[in-house]
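This structure is in structure tokens; I'll ask about it shortly.
Coordinate-derived values only; no laboratory data. Predicted, not measured: the structure shown is a model, and the values here were computed from it. Note: ideal-geometry Cβ built from the backbone for every residue, glycine included; neighbour counts use all protein chains shown.
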């Protein structure tokens, strides 16, 4: 492989001059520049990316810290992040934190040592110290970190209200909820919106705390149905729980949506492909990933940023688990 | 942040000596080593990862090139790869090639420039030039690259035969197949095994070429059912196609498995959660990712490797889309 010295020899200028050309310095005469560029082309010289990183303290890579890529919400996010990063010449380092604060901290330290240009994170808790004092920008994705950290998110509270209103207007009588885990702000907000709407209508809802995970959801869904056969309207914390609830309801011979209406949250692709297809409060998953990446790269490149907190729209998608 | 110079000053030895201690050189006296390590600890000095990469030409990262992380097979693979890499102190750079050879080539060049320690790939074609002459190990995952590149895979041909035998023994009369795209060796082999078994039993099967993708599969599945209402046994190239076929069959009022039996391929988690749950030829997805990563890291670290071609077992998982 050609080195910077080969380019210097070939073009008859000093290594320092080649370096100036590479860094697009204005101090180089145009004839010299032409000669150097010609040599670079003919020798197929490629400046070493690692050496450039050391010099510029910029690695053209970002870290993506998510709980678990096998949760179907995150592959859609990761795809958007990688597409967008690639468009701007950046690479994405994938990290699964399992929502574990220590694991997250380890990743942040390792990535910081590697001069990544920024971090995209969805983290376990609202106020994690893990992000304090970092020498790189951080953007929170999906899960709001409060005011200190720039974030791209949806209004989960409004989403919960919208689910409640829909089930109420569809004639629901006995309401229930299988929420996500309450230590996640997103899960808590969805739940709060759902209950607040019902309270205004002088209704209550049975509540089961769940996990954003299929295996656990199957158990909770079965429990809800066995303990409360009178329930006719359920809001679930995400689509995975919804898919599990459909399975358990069908096992028990319930007709959907006649006996039981279900509304999920997220809008993952598979929700539209199962039978019955899952009605849901849809987040613009791809756009969340895209906007978060653009915001992070703008911050990393010290561009002027109008807004460091971007709320994306949600909407209700009626499919086959609801009557209207 | 403390630098190597601070450590040198604090411990009263030269920078070169500190460097020797960091690289665990045997030339340093134990009393000196103790002093330096003490200084490193007290100053909380962390050797810069990028500088270490430049020096050792090792970045403790690997590239994972897959077609598309939003295809549900790959998040399960990616999770295994990242878990295993992390266990050995490596990071994973995620790349979506969309099965596009040019895009794949771009990734390989960029990763090579960054001194990644190796590449894990599932590529579009059997004999891609993209992997020739690389200065790092490559391991093919899922899709065999022929004999030149180490790989971890399953016997797709046997999988296709197993699907055919199962449908035949379940009393199938009119067989059909929606295969994956034939430019993928995996899809071709599954198809070949399926047809070879049936041929021995003097049976034939209608064949539709599909894609490993939900949207396209919905269209092909509908077409197969509309054009051939007499079909009672279908083998599909992967579980995504199977889920699409279930949906289209139910839309047409077919009873599964009485009117139509379906066998998928892969064993992705969602296949077991839908109703009816999808019978399938299961690959050990997590273990494929894990073994491929271990093999790659062994090669990267020039360890002795017994086998550079590892075939993992498949098995038939009976669920609700087959009678036996």
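Please list the equivalent ellipsoid semi-axes of region B:152-294, computed as the square roots of five times the alpha-carbon gyration tensor eigenvalues, in descending order and whole angstrom. Please list the in-between numbers first.
Values: eigenvalues 104, 62, 38 Å².
Each semi-axis is √(5λ); the values are 23, 18, 14 Å.
Does anyone have the angle between helix A:214-227 and the longest principal axis of chain A? Alpha-carbon axes, 0 to 90°, nearest 10?
So the inclination is approximately 10 degrees.
Something else now. What does the helix-only formula give at 222 nm for chain A: each DSSP H stretch with n ≥ 4 adding -39500 (n - 2.57), the total divided by the residues, and the result rounded to the nearest 500 deg cm²/dmol? Please list the in-between numbers first.
Details: 11 runs with 139 residues, N = 324.
About -13500 deg cm²/dmol.
Using a Gaussian network model on chain A with a 10 Å cutoff between Cα atoms, which of A:106, A:287, A:213 fluctuates the most?
Result for chain A, Cα springs under 10 Å: A:106 fluctuates most.
A further question on this structure: Which residue fluctuates the most in chain B, going by a Gaussian network model with Cα springs under 10 Å, if the choices are B:180, B:99, B:89?
Highest fluctuation among the options: B:89.
Relative to the longest principal axis of chain B, what angle (0 to 90°, nearest 10) does the C-alpha long axis of helix B:73-87 take?
20 degrees
If you don't mind, there's one more thing I want to ask. With 10 angstrom as the radius, rank B:5, B:79, A:190 by how many other C-beta atoms surround their C-beta, starting from the fewest. Mind showing how you got there, number by number?
Details: B:5 10, B:79 21, A:190 30.
Listed from fewest to most nearby Cβ atoms, that is B:5, B:79, A:190.
Any idea how far apart residue B:14 and residue B:174 come out in nm if each label point goes 7 Å out from Cα toward Cβ?
Using points 7 Å along Cα→Cβ, the separation is 8.6 nm.
Go ahead and collect, in residue order, the members of region A:155-176 whose backbone nitrogen is under 18 Å from a label point 7 Å along the Cα-Cβ direction of residue A:227.
Under cut-off, by backbone N: A:174-176.
Regarding region B:4-47, what whole-number volume in Å³ per residue does the convex hull of its Cα atoms give? Spell out each step's value before the answer.
On the way: hull volume 2.5 nm³, N = 44.
Roughly 57 Å³ of hull volume per residue.
Still on this structure, I have one more. Taking a point 7 Å out from Cα toward Cβ as the label site, list the nm distances between residue A:192 and the same residue in every other copy, smallest first.
For residue A:192, the inter-copy label distances come out at 6.0 nm.
Roughly speaking, what is the centre-to-centre gap between region A:1-42 and region A:71-133 when only Cα atoms are used, to the nearest Å?
38 Å
Once you place label points 7 Å from the Cα toward the Cβ at residue A:303 and residue B:105, how far apart are they in nm?
Spacing of the two 7 Å Cα→Cβ label points: 2.9 nm.
Using a label point 7 angstrom from Cα along Cα-to-C-beta, what distances in nm, from shortest up, separate residue A:315 from the other copies?
Those separations, rounded to one decimal, come out as 4.6 nm.
Let me know the shape class of the protein assembly as shown, please: from the alpha-carbon gyration tensor, a ≥ b ≥ c as square roots of the eigenvalues, rounded when a/c is under 1.5, otherwise prolate if a/b is greater than b/c, or oblate.
Numbers: a/c = 2.15, a/b = 1.42, b/c = 1.51.
Taking the square roots of the gyration eigenvalues as a ≥ b ≥ c, the protein assembly as shown is oblate.
Relative to the present Cα-Cα distance, how much length would full extension add between residue A:183 and residue A:148 at 0.36 nm per residue of separation? Spell out each step's value before the answer.
Numbers: separation 35, 0.36 × 35 = 12.60 nm, distance 1.89 nm.
Extra length available between residue A:183 and residue A:148 comes to 10.7 nm.
To continue, here is another question. What percent does the relative contact order of chain B come to when contacts are Cα pairs within less than 8 Å and at least six residues apart?
Working: 608 pairs, mean separation 52.7, N = 324.
After rounding, I find 16 percent.
Dividing the convex hull volume of the alpha carbon atoms of chain A by its residue count, what do you get in Å³ per residue?
Numbers: hull volume 50.4 nm³, N = 324.
So the per-residue Cα hull volume is 156 Å³.
Additional query: Helix A:185-200 versus the longest principal axis of chain A: what angle, 0 to 90°, nearest 10, using Cα atoms?
Its long axis makes an angle of about 30 degrees.
Further question: For label points placed 7 Å from Cα toward Cβ, what is the shortest-first list of nm distances from residue B:252 to its copies?
Between copies, matching label points for residue B:252 lie 3.4 nm apart.
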